[in-house]
1. Looking at the range 104-156, which of its residues are closer than 18 Å to VAL86 by Cβ and not aliphatic (A, V, I, L, M)?
2. For the structure I just gave you, tell me whether ASN75 is under 20 Å from ASN120 (Cα atoms), modelled with pLDDT of 90 or more and loosely packed, with under 11 Cβ neighbours inside 10 Å.
3. When you check LEU104 against the structure, is it of a type outside the set (Asp, Glu), crowded, with 16+ Cβ neighbours inside 10 Å and touching a Lys or Arg at 6+ places or on another chain (Cβ under 9 Å), yes or no?
4. Could you please let me know if LYS96 is in a helix (DSSP H, G or I) and more than 19 Å from the chain's Cα centre (by Cα)?
5. Here is a check on your reading of the model: is ASN111 surrounded by 13 or more Cβ atoms within 10 Å (Cβ to Cβ) and of a type in the set (S, T, N, Q)?
6. So which residues in the range 115-127 are β-branched (Val, Ile, Thr) and either part of a helix (DSSP H, G or I) or touching a strand residue (DSSP E or B) at 6+ places or on another chain (Cβ under 7 Å) (or both)?
7. Would you mind telling me which numbered condition in (1) more than 16 Å from the chain's Cα centre (by Cα); (2) touching a residue at least 12 places away in the same chain (Cβ under 8 Å); (3) within 18 Å of ILE122 (Cα to Cα) LEU82 fails?
8. Restricting the range 11-40 to residues that are touching a Leu at 6+ places or on another chain (Cβ under 9 Å) and of a type in the set (Ser, Thr, Tyr), which is surrounded by the fewest Cβ atoms within 10 Å (Cβ to Cβ)?
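The values are calculated or read from the model by the stated rules, or taken from the named source; none is laboratory data. Predicted model only: the values in this text are computed from it and were never measured. Here the Cβ is made from the backbone with ideal geometry for all residues, glycine too, and neighbour counts use every protein chain on show.
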Amino acid sequence: MRRKEKILATIDDVNINKSYMINFYNLQVRMNAKSPVEDNYDNLSQSEKKDYLDQLINHYLLLGESKKIGITISNQEVDKYLNLYVNKYGSEEKYKTYLTQRKLKLEDIKNEIIKQIIINKIIKIKIPNFQEKLKVDENELLDYYKTNLKKVNVPFESQKKEIEQALTKHKKSKLNQELFQILRSKNTIKTYPENL
């Protein structure tokens with residue numbers, strides 16, 4: 001007799017079960033870690049599990065919204081991003097080694113690329129002037145430097161690029177959170193943290 005799958009969340013009338021969550025977690029860990037790691041969902045704290053569940057819900061909402069507004073992607077777009085992945089590792093052989101070390105298949109990467117392209121397109125549609133809102137001006141750079149780095153006696157010019165990347169990442173995160181808030185308000189979401 002098969003055990004009933006634990007439900008971690010419902011989005012409108014769709015259930016997110018534990019095995020789906022574990023697959024999502026494993027893929028995220030395998031793709032994003034700096035080196036091969038052991039992915040073990042059971043070793044996560046309750047707080048970490050909740051964070052991954054929130055990521056999965058946001059991901060699901062973005063993909064659902066993309067279907068509603070009819071976002072499509074071409075094979076050429078996927079191939080372009082796939083080539084960027086391969087080039088990042090220097091050769092196709094090194095890239096295949098990366099996949100093997102991380103227990104990933106080419107299909108996993110392609111699916112993630114498709115999701116990423118869709119997410120990027122929907123963000124551009126839902127957040128007008130998205131790229132413009134990510135720009136960091138000189139005053140923001142200096143303010144950040146004065147607040148965070150001046151005390152460690154590091155020259156501003158040597159840290160400027162890193163500061164800009166950090167501020168851009170922060171702005172993007174903030175804009176994404178605003179979008180997720182809007183999408184969450186359009187859906188009925190119920191989570192079951194006791195099942196994590």
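1. Residues satisfying the conditions are LYS105, GLU107, ASP108, LYS110, ASN111, GLU112, GLN116.
2. It is true that ASN75 is under 20 Å from ASN120 (Cα atoms), modelled with pLDDT of 90 or more and loosely packed, with under 11 Cβ neighbours inside 10 Å.
3. In short, yes.
4. Taking the combined requirement at face value, the residue satisfies it.
5. So ASN111 fits the description; yes.
6. Scanning the range 115-127 gives ILE117, ILE118, ILE119, ILE122, ILE123, ILE125.
7. The failed condition is (3).
8. TYR20
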